């Protein structure tokens, strides 16, 4: 699973090698929940604070519109 603290998701090192154009967060059913422009990513982290607890998948699309799955992550915040 990809590392996160419930508010930010740390992108894996492989993400830098993909010529990223945008990152896509999907539900495990494949429904697109959020699209993030790669230029807005800072410190190799994505903001995930508005996602509810659950399992998600992260894909990256490069400038040629080819997609790569970077992995899955779980959002679980303490109550």
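The values are calculated or read from the model by the stated rules, or taken from the named source; none is laboratory data. The shown structure was predicted, so the numbers you read here are calculated from the model rather than taken from an experiment. Methodologically, a virtual Cβ is constructed for each residue, glycine included, from the backbone with ideal geometry; neighbour enumeration extends over all protein chains shown.
Values computed for the structure shown
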read-out	value
Of all residues making up the range 30-79, the number that are part of a strand (DSSP E or B), over 11 Å from the mean Cα position of the chain (by Cα) and on the phi > 0 side of the Ramachandran plot	1
The lone exception for residue 53 - which of (1) touching a strand residue (DSSP E or B) at 6+ places or on another chain (Cβ under 6 Å); (2) closer than 11 Å to residue 21 by Cα; (3) exposed (fewer than 13 other Cβ atoms within 10 Å of the Cβ) it fails	(2)
Number of the exception - residue 74 against (1) in contact with a strand residue (DSSP E or B) (Cβ under 6 Å, 6 or more places away or on another chain); (2) modelled with pLDDT under 95	(2)
Positions within the range 16-29 being under 24 Å from residue 54 (Cβ atoms), touching a strand residue (DSSP E or B) at 6+ places or on another chain (Cβ under 6 Å) and either free of Cβ contacts under 8 Å to residues at least 24 places away in the same chain or not in a strand (DSSP E or B) (or both), in sequence order	28
